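The structure appears below as structure tokens.
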Amino acid sequence: MSRKLLVFPILAASVFLFASSGFSQDKSVVVKGIVESIAADGASMVVDGKTIITDKAFLDEAYLEAGDKVAVTAENTDKGLKAISFEYIFDEEAWPISQDEGFQDMPDDSDESDLGAE
């Protein structure tokens, strides 16, 4: 009988530890949107209404500006979301140019009558 009383608290503690571990919670998120503002000191930026903690070195390396369309990977910290990395998002209509659209307006410089003539 005493073994049964001992097993239950150990089992309950194991379940609690597993449920509260980092295994069940993802610490990073991706915020997609337009950079709305960047703090003058480079300490933070606002993307899609969410404030993301940055630093001057991150922003200098990234060349981010207000109006850029980005996907920022950020880590949840006790102070808030902190930027880890980012990617620019390009409009699908503008990039990439399809093969059919790419050279329609370019002049044709291949005038064969000029070949060999100097």
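The values are calculated or read from the model by the stated rules, or taken from the named source; none is laboratory data. The structure displayed is predicted, hence computed values, not measured ones. Methodologically, a virtual Cβ is constructed for each residue, glycine included, from the backbone with ideal geometry; neighbour enumeration extends over all protein chains shown.
Does the stretch 37-49 contain any residue that is exposed (fewer than 10 other Cβ atoms within 10 Å of the Cβ) and modelled with pLDDT of 95 or more? Yes. It is to be established whether one or more residues within the stretch 3-21 are at pLDDT below 95 and part of a strand (DSSP E or B). There is no residue in the stretch 3-21 that is at pLDDT below 95 and part of a strand (DSSP E or B).
For the stretch 31-47, enumerate the residues that are under 13 Å from residue 73 (Cα atoms) and charged (D, E, K, R). Listed by number, the list holds a single entry, 32.
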